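Notes follow once the structure below has been shown.
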Amino acid sequence: MVKITLPDGSIREYESGVTSAQIASSISEGLARNVLSAKVNGEVWDSSRPINEDSEVQLLTWNDADGKQTYWHSSAHLLAEALEALYPGIKFGIGPSIDTGFYYDVDFGDIEFSADDLEKVEKKMQELAKQKNQYIRTEVSKADAIDYFTKKGDEYKLELIDGLEDGSITFYQQGEFVDLCRGPHIPHTGMIKSVKLMTVAGAYWRGDEKNKMLTRIYGVTFPKKKELTEYLEMIEEAKKRDHRKLGKELELFTFSEKVGMGMPLWLPKGTLLRDRLTDFLKKAQVKAGYQGVITPHIGHKDLYVTSGHYEKYGEDSFQPIKTPHEGEEYLLKPMNCPHHCEIFKSRPRSYKELPLRLAEFGTVYRYEQHGELHGLTRVRSFTQDDAHIFCRPDQVKEEFKKVVDLVLYVFNALGFDDYTAQISLRDPENKAKYIGDDKLWEEAEAAIAEAAEEKGLKTVTELGEAAFYGPKLDFMVKDALGRSWQLGTIQVDYQLPQRFELEYVGNDNQKHRPVMIHRAPFGSLERFTAVLIEHCAGKFPLWLAPEQVAVLPISEKFEEYAEKVYGAFQEGDITGYVDHRDEKIGRKIRDAEVKRIPYMLIVGEKEAESQTVSIRKQGEGDIGTFSIEEAVAYFKNEIKQSIEG
């Protein structure tokens, strides 16, 4: 017999060899019909795989992230089966699940394949799905695996097999299709109900530009047709909200090939938006006891060798800058933290100074690959709202909790109310990826888990997602379309203080090593702005909008009064413009609506005589007539309430 511990803590006994599907059946038939796979002792398995020892088991359905990934991975195999049936002799690269579906990389040889062929493949997938073929797992020797794909003539699978150890290789088969795969998979193809192949793109084999370009086919599947319909509607809405499209329409930012790929240029309105974001956080940081610092955009290569960044990220950085002095090399800084370590080290420190909180909006540089660049979300030059807290070990948890409060304050002010805190730990099976000893890692991981629990955060734990120098808490935020983004991050670091030999004198008059907390509520200011644009569809909160009001004179006779009105608003630190165009008032209102101006101030003969303004709210219409003084006071109050949520 084996003891099975379920997520609710209950323990059930079954005969050795029981499967997750059988466990589900013993609980309820409804659950059994919906189980896609299972997490057994933290590893996702096929629901048909036997369990031969006492285990912790979580049954996974469509409502679980790992369940979705299993479903979409199986859908990638169904896609490959359909393609092989329609185009015999083609060869396959890899076909993983991704956050929003799956893809498969295919070598079509001399066959011409385009987006026009997707509908035909979709129909074949649906036809094969109805056969309800089981996904069958088979362990094979390396020799047999090589023999199978040699006969098939698939050099891509042979290359993958070459990197695998004998005894760790598995095949999966559904119907007539066999693939090299570690799994897991859903029980049978009949669980795949709705299919949509989205796009066709090119992808170099294994991401290497020196290799052959394969055809990458993206798709998504759902258990219900309604869910596919809703997803496609969301995709259309996402296109309307695309920050690249809105950034151009609202004149926020641009890119120039002459300046360089991935190097955003902030236009005046975008700069105002960016300044408002940074000013907002700077004020919050001052209240929280942070001190501002500024560091150079470059640093000596030795700085990053000491920190470990050069070893870990050297290939992703720009090439060293050589100076006329022989052997002297500098790097565009990939991180701000090494600079802040040197600021801490600039003079002796006492325990009475701690925690020392240093904050900087520092621009950093990473050489992202051409194909990975995407608007503001993936760039080569970006600004981090970086801060580093140097504290005593006994202060770590309290400081961590204060940072959580700051992150949540930012999210609340910007309307992000659906988030999960991801506790990102190191991979226990691959500790070579990280620096530092086990004891310090364990202390840091415990501090994060305790702080998150005490703050009542909804959390998930992910192994292998830690920074190379320490564990972290990543905030996964859902936007208005339900898409998840990693925004704020907090990291506990015992390693850099050791590498830089940072010290403070304790109350025992002895030297001690501080602990370092890295934090960035925005993360990358560029990426945060992109997410914010798409979240609010360009309709920014009043306090953040670059242009908060548009003063619209009914005719040129009232332009002088319009300027007077706008002058009063400018004195109240409210920004906008006067629309001097020779257009009818209806056109001016429509254009201001399209530009997503939060408020329109209509001025005509009646308003000029009474020294008032008629206020119209974006998307809602008229809200009343106010004196100029009342209007300015109204907006100041609205801005205050907008920030405070």
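Distances over 34 Å make up what percent of all Cα-Cα pairs in the stretch 270-535? For the stretch 270-535, the fraction of Cα-Cα distances above 34 Å is 15 percent. As an exercise, use a Förster radius of 51 Å and the Cβ-Cβ distance of ASP147 and GLU233 to find the FRET efficiency, rounded to the nearest 0.05. After rounding, the FRET efficiency stands at 0.60.
Need one word for the stretch 63-151: rounded, prolate or oblate. Basis is the Cα gyration tensor (sqrt eigenvalues a ≥ b ≥ c); a/c below 1.5 gives rounded, then a/b vs b/c decides. Here the stretch 63-151 falls in the oblate category.
Of the GluC sites (Glu not before Pro) found in the stretch 307-338, the ones in coil according to DSSP and having at most 12 other Cβ atoms within 10 Å of their Cβ are GLU326. Between the DSSP loop rule and a limit of at most 16 other Cβ atoms within 10 Å, which GluC sites (Glu not before Pro) in the stretch 91-145 are left? Answer by residue number: GLU112. PRO428 sits among other residues whose Cβ lies under 12 Å from its own Cβ, and their net charge, with Lys and Arg +1 and Asp and Glu -1, is -2. For the listed residue pairs LYS3/LYS152; LYS269/LYS333; LYS258/LYS584, the alpha carbons are over 32 angstrom apart in LYS3/LYS152; LYS258/LYS584.
Does the stretch 2-61 classify as rounded, prolate or oblate by the C-alpha gyration tensor (a ≥ b ≥ c root eigenvalues; a/c under 1.5 gives rounded; else a/b over b/c gives prolate, otherwise oblate)? Rounded, because the longest to shortest axis ratio a/c is under 1.5.
Remark: the ARG206-LEU373 segment gains 58.3 nm on full extension, using 0.36 nm per residue and subtracting the alpha carbon distance. Take the Cα radius of gyration of the stretch 66-239 and divide it by 2.2 N^0.38 Å, N being the number of residues; the result is 1.02.
Across the stretch 183-198, the residues whose backbone nitrogen lies under 17 Å from the label position 7 Å along the beta-carbon direction of TYR87 are 197-198. By the Kirkwood approach, averaging reciprocal distances over each pair of separate Cα atoms, the chain gets a hydrodynamic radius of 28.6 Å.
Loop-located trypsin sites (Lys or Arg not before Pro) across the stretch 260-341 with a Cβ neighbour count of 12 or fewer within 10 Å are lacking, with loop assigned by DSSP. Paramagnetic label reach from ASP110 (point 7 Å along Cα→Cβ; backbone nitrogen cut-off under 20 Å): within the stretch 81-95, residues 84-92.
Per residue of the chain, the DSSP helices (runs of n ≥ 4 H) give a summed -39500 (n - 2.57) that works out to -11000 deg cm²/dmol at 222 nm. Scoring 402-408, 26-32 by mean Cβ neighbours within 10 Å over their residues and listing the highest first yields 402-408, 26-32. By the beta-carbon count within 10 Å of each Cβ, the least crowded to most crowded order of THR489, THR70, fewest first, is THR489, THR70.
Radius of gyration (Cα atoms) of the stretch 236-280, expressed as a multiple of 2.2 N^0.38 Å: 1.28. Structure note, pairs LYS91/LYS210; LYS120/LYS225; LYS130/LYS225; LYS433/LYS472; LYS439/LYS472; LYS431/LYS511: Cα-Cα distances above 21 angstrom occur for LYS431/LYS511. Once C-alpha pairs closer than 8 Å and six or more residues apart are averaged by separation and normalised to the residue number of the stretch 129-187, the relative contact order reads 42 percent. With both labels modelled 7 Å from their Cα along Cα-to-Cβ, the ARG347 to THR461 distance reads 4.4 nm. Pairs spanning more than 28 Å between alpha-carbon atoms, out of LYS132/LYS157; LYS39/LYS132; LYS240/LYS458: LYS240/LYS458. Which percent of the Cα-Cα distances in the stretch 150-297 go past 27 Å? More than 27 Å apart: 59 percent of the Cα pairs in the stretch 150-297. Contact order for the chain, expressed relative to its length and based on alpha carbon pairs under 8 Å spaced 6+ residues apart, stands at 9 percent. Pair-distance distribution of the stretch 379-468: all C-alpha pairs, bin width 5 Å, starting at 0; shares per bin in whole percent are 3, 11, 19, 21, 22, 16, 8, 2, 0.
In terms of other Cβ atoms within 10 Å, ILE51, ILE94 run from fewest to most in the order ILE94, ILE51.
For the stretch 180-297, the relative contact order comes to 15 percent (Cα pairs under 8 Å, sequence separation of at least 6). The C-alpha atoms of the chain define a longest principal axis, and helix 438-454 lies at about 60 degrees to it. Once each part is reduced to its C-alpha centroid, what is the distance from the stretch 195-265 to the stretch 276-317 in angstrom? Centre-to-centre distance over Cα atoms comes out at 30 Å. In the chain, the longest principal axis of the Cα atoms and the axis of helix 65-86 are about 60 degrees apart. Computed from Cα atoms, the angle from the helix 525-535 axis to the main principal axis of the chain rounds to 90 degrees. Summary of the geometry: the stretch 335-373 and the stretch 600-643, compared by the centres of their Cα atoms, lie 45 Å apart. Fewest neighbouring Cβ atoms within 10 Å first, the residues LYS584, LYS539 line up as LYS584, LYS539. Spatially, the stretch 386-427 and the stretch 1-80 are offset by 34 Å when compared through their Cα centroids.
None of the figures in this text is laboratory data; all of them are computed from the coordinates on show. None of these values were measured; they are calculated from a predicted model. Ideal geometry is used to build each Cβ from the backbone, glycine not excepted, and the neighbour counts take in all protein chains shown.
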